[in-house]
1. Is it true that residue 281 is over 22 Å from residue 4 (Cα atoms), touching a residue at least 12 places away in the same chain (Cβ under 8 Å) and touching a strand residue (DSSP E or B) at 6+ places or on another chain (Cβ under 7 Å)?
2. How many residues does the stretch 198-211 contain that are within 16 Å of residue 143 (Cβ to Cβ) and free of Cβ contacts under 8 Å to residues at least 24 places away in the same chain?
3. Quick check: is even one residue across the stretch 131-146 among the aliphatic types (A, V, I, L, M), touching a helix residue (DSSP H, G or I) at 6+ places or on another chain (Cβ under 7 Å) and modelled with pLDDT under 85?
4. Please go through the stretch 240-283 and give me each residue that is assigned to a loop (DSSP other than H, G, I, E, B), touching a helix residue (DSSP H, G or I) at 6+ places or on another chain (Cβ under 9 Å) and not polar (S, T, N, Q), ordered by number.
5. When the stretch 57-89 is examined, which residues are found to be in contact (Cβ under 8 Å) with a residue 24 or more places away in the chain and among the hydrophobic types (A, V, I, L, M, F, W, C)?
6. If residue 180 meets every condition in (1) at negative phi; (2) of a type outside the set (Val, Ile, Thr); (3) in contact (Cβ under 8 Å) with a residue 60 or more places away in the chain; (4) in contact with a strand residue (DSSP E or B) (Cβ under 7 Å, 6 or more places away or on another chain) apart from one, which number is that one?
7. Give, as residue ranges, the helices (runs of 4 or more DSSP H) completely inside the stretch 1-119 that count at least 2 residues that are closer than 26 Å to residue 192 by Cα and modelled with pLDDT under 80.
8. Within the group 195, 175, 168, which residue is within 30 Å of residue 98 (Cα to Cα) and without any contact (Cβ under 8 Å) to a residue 40 or more places away in the chain?
Amino acid sequence: MEKRFKESQRVAVMGIAGNLILSIIKITAGTTYKSQALIADGANSIGDIINSAITYLGNKVASQPRDSDHNYGHGKAEAVATQVIGLMLCFIAFEVFSNSLSVFTSKASEIQFSLNMIAISVFAIVTKIFMYLYSINIGRKHSNPLVLANAADHIADVFVTLGSISGIIFTHLGIWWMDPVIGMIISIWILIQGIGISRNAIRILMDSSIDAKILNNLKETIAIIPGVEDVQKVTTHSMGIGYSVEVRIGVNCTLTVAEGHNIASRVKSKLINTAEIGDVIVHINPVSDVDCDYKCLKENTADCKKNNK
């Protein structure tokens, strides 16, 4: 858990530093050369700074241990932070679209072509690809939705900046209206990313179940544990960091409470060591190949055990 936290925080710090530099360069260049697409790209980078700061705070809260008020820990803080990032991106998309539409309708694009803008955009693309590769590796390694959201944002920025370059080139060729149009396309891309990130966060906050394939693997794992005669039900819900698993198994009705408890402990120990599982609750129900007669169990337990073996 500590390694997960430290590596995720490094992603956030890298995002804050990298996007701060990129936003200053893009907005300065966009303002100087009157490129709406590059200004839009810079505005997106400002949003990325906020997103990285939210990632930092979200990871910090999520790493806190369980307490009396949070019996399942603080893991869902990551999902809350992820949702904030998604909403922020949607807001930025609206602002960028509005500004680009204003330029388009007023026919006021006065972009000045410069190789400096192309160089800045290429630098931004290379930087963002590096940030994406680093973030996606950490996010997948620790199944961290917040870091994965940052990675998705980084790769989106690569295409956004490619759009900026296209706008600059088209305007230089005399097609002035392509610059604000590409600005609007960028805004739509940002909106799509924001909606996707928000949907993933909502799934976690709404206690979504674990992947069906993993769930089937859990059932198969439980079924082969000695003493388990029937896997009756396995349900899961997200804890933000990992999943809580509730298991209902059937054991021989003639077992003692201690024997049933030992089987339940084996089930829990087996599952708790499985990736993505943070908590396990095991319920035991009596089952047998033959009917367990209550009177037999009460008056002649030894014989009943013998008949049911």
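1. So residue 281 passes the test.
2. 1
3. yes
4. Across the stretch 240-283, the qualifying residues are 240, 241, 253, 255, 275, 276.
5. 57, 62, 77, 79, 80, 81, 84, 85, 87, 88, 89
6. Of (1) at negative phi; (2) of a type outside the set (Val, Ile, Thr); (3) in contact (Cβ under 8 Å) with a residue 60 or more places away in the chain; (4) in contact with a strand residue (DSSP E or B) (Cβ under 7 Å, 6 or more places away or on another chain), only one is false for residue 180: (4).
7. 36-62, 77-106
8. 175
The values are calculated or read from the model by the stated rules, or taken from the named source; none is laboratory data. Just so it is clear, the model here is predicted, and its values are computed rather than measured. As a convention, Cβ positions derive from the backbone with ideal geometry for all residues, glycine included, and neighbour counts pool all protein chains shown.
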